[in-house]
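For reference, the structure is listed below as structure tokens.
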Amino acid sequence: MKRLLLGVDLGTGGCKVMAIDAIGSTAAQASQEYKTLHPQSGWAEQAPADWLAAAASCIKSVVSKVGSSNVGAIGVTAPTHNAVLLDDRGVPVRNSIIWTDQRSASIAAALGSSNPEIFRKTWQAPSPTWTLPQLMWLRAHEPGAFSKASNILFGKDYVRYWLTGKYNTDRVDAQGSMLVDMAADEWAKDLCGLVPLAASMLPQIIEPTAIAGYVTEKASAETGLLAGTPVIAGTSDTAAECFGAGVHSCGLGVVKLATAGTICIFSETATPNPKALTYGHVVPGLWYNCLATNSAAHSVRWFRDTFLSAEKQAYELIDLEVQSVGPGADGLLYHPYLMGERSPHWNPDLCASFTGVRAHHTRGHFARAVMEGVAFSLRDCLGAYTGAEPPTAWRLIGGGAESKVWPQIIANILDRSVQCVASGSAAFGVALLAGVGVGTFSSFEEAVQVGVSPTRTFEPQLTFRNMYRSYYEYYRSVQAKLAPAYAELSDMRKKAEELQGEKID
């Protein structure tokens, strides 16, 4: 068997490990879910120990199928923003606050209103998604835990530290912290001072394809990997997915249907936008604007868990029921704000809602409304883009792209041709990057040309264009009218929680 490349993706919903060969074919893969904890309304945490357990299990499963001697390099990826605070022994001092958490909303709002220098330096608008306000909240509300921290890593870096014993991060994950001076490409001491924390607590920044370390004897015993196997720095899940979808230069856009939904548009010049996220790509000299809706596939997963929890083939059943309902879901509308919203509203108080419910609506109507609502939210994101003309060629990636019906809904509502690829997953993308890092591929371009193969293409159906345009305007109108009500509801919820706290005391 040829030397293989291993990609490890610590996604929000679970871990996926994939071994691919030098032409992008999958040799083996494994996955395992883990829980997100919600200690209070609007809070979201994960236990780093769960990441390690899932990664160990999945790696061991894949290695048992392909043989440890056939694994030539490893890459690790995960969502940005999720900090892990480690004590002087490298042990997490608490769970990781993840990117969907909203507890630091008031801190983020204060940062945005009182410190315009933050956007000029970080190219990002403050929100509770970012690591900076999360760390400020921890410093203020859990000073005991914060004082125990000696080092701070991000999710994928912690898993890679477990594999190699080395502290470092890549520049894309660093940019996702709101602690980096984007122009200087380094940790900003003045931003660290807002927490406050010493910049020395943060890891060294290296390139995504740089070899960050080698599998230790201890990690070898826990995973079945050979000690000494090189592990690259890796990168964020979105950057890895975009690379895995074939983006190595300008011209392609990417729509992602994962826990969150994203629109990524690439350029050779950074174009900071307060309604978007601005990152460097894994390919040096390439930048992208990322416009994100918080609950994309998460909305479908929520629908599955709430209404089809007893079904073994729930996603297949959802597809069938969506197919049985016509476009527009017979007037039923869904806003996918299960965990507040990012682009273009940046409002943690927004709530998910169904509008237009009538007695004849079935579970299938609700399922189609969920898929269409996410697509409308992605159209909101596309409308917030302020750079050059968006690309007309789009790649569709993420778990939602595997649906038989959702890609067509996306094409119709975005009014764009979308193309799925054989494997646009983060695990696949970071495995390709590992190949670049160890020389399996001579360049980013070669990795993409050899490894990425488009499959299905979905064209917008002109029959439904005007109908979906009307529905989209109604979608926006309802959102604008409900936003003040959501703010009032948020205040009511906080007061109720305070009363419950007094009762418990």
- Scan Gly246, Gly228, Gly234, Gly224 and give me the residue that is not aromatic (Phe, Trp, Tyr) and not assigned by TED's automatic domain parsing to the domain that holds Thr77. Gly246
- Checking Thr36 against (1) surrounded by 24 or more Cβ atoms within 10 Å (Cβ to Cβ); (2) over 14 Å from Val159 (Cα atoms), which test does it fail? (1)
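So that you can scan it fast, the table gives a plain yes or no per residue for (1) modelled with pLDDT under 90; (2) in contact with a strand residue (DSSP E or B) (Cβ under 8 Å, 6 or more places away or on another chain); (3) of a type outside the set (D, E, K, R):
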residue: Val374; (1), (2), (3): no, yes, yes
residue: Arg379; (1), (2), (3): no, no, no
residue: Tyr385; (1), (2), (3): yes, yes, yes
residue: Pro391; (1), (2), (3): yes, yes, yes
residue: Arg395; (1), (2), (3): no, yes, no
residue: Trp406; (1), (2), (3): no, yes, yes
residue: Asp415; (1), (2), (3): no, no, no
residue: Gln419; (1), (2), (3): no, yes, yes
- Query: So which of Thr355, Thr440 is among the polar types (S, T, N, Q), touching a helix residue (DSSP H, G or I) at 6+ places or on another chain (Cβ under 6 Å) and either assigned by TED's automatic domain parsing to the domain that holds Ile20 or modelled with pLDDT of 95 or more (or both)?
  - Reply: Thr355
- Residue that is nearest to Leu52 (Cα to Cα) [pool: residues in region 192-219 that are out of contact with any strand residue (DSSP E or B) (no Cβ under 8 Å at 6 or more places or on another chain) and of a type in the set (A, V, I, L, M)]: Ala219
- more than 21 Å from the chain's Cα centre (by Cα), in a strand (DSSP E or B), surrounded by fewer than 20 Cβ atoms within 10 Å (Cβ to Cβ) and at pLDDT 95 or above: does that describe Ala28? yes
- Query: Identify, please: which residue in region 120-129 is more than 16 Å from Pro344 (Cα to Cα) and touching a residue at least 40 places away in the same chain (Cβ under 8 Å) and is, among those, surrounded by the most Cβ atoms within 10 Å (Cβ to Cβ)?
  - Reply: Thr122
- Message: For the structure I just gave you, tell me whether Gly439 is without any contact (Cβ under 8 Å) to a residue 60 or more places away in the chain, more than 30 Å from Ala352 (Cα to Cα) and not charged (D, E, K, R).
- Response: yes
- Query: Quick one: which of Ala375, Ala359, Ala310, Ala369 is buried (at least 24 other Cβ atoms within 10 Å of the Cβ), without any contact (Cβ under 8 Å) to a residue 40 or more places away in the chain and not in a strand (DSSP E or B)?
  - Reply: Ala375
- Output the helices (runs of 4 or more DSSP H) that fall wholly within region 392-471 and possess 3 or more residues being surrounded by 20 or more Cβ atoms within 10 Å (Cβ to Cβ) and out of contact with any Gly (no Cβ under 6 Å at 6 or more places or on another chain), or say none. 406-414, 426-438
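The values are calculated or read from the model by the stated rules, or taken from the named source; none is laboratory data. Worth saying up front: this structure is predicted, and the values here are computed from it rather than measured. Note that we place each Cβ from the backbone using ideal geometry, even for glycine, and neighbour counts take in every protein chain shown.
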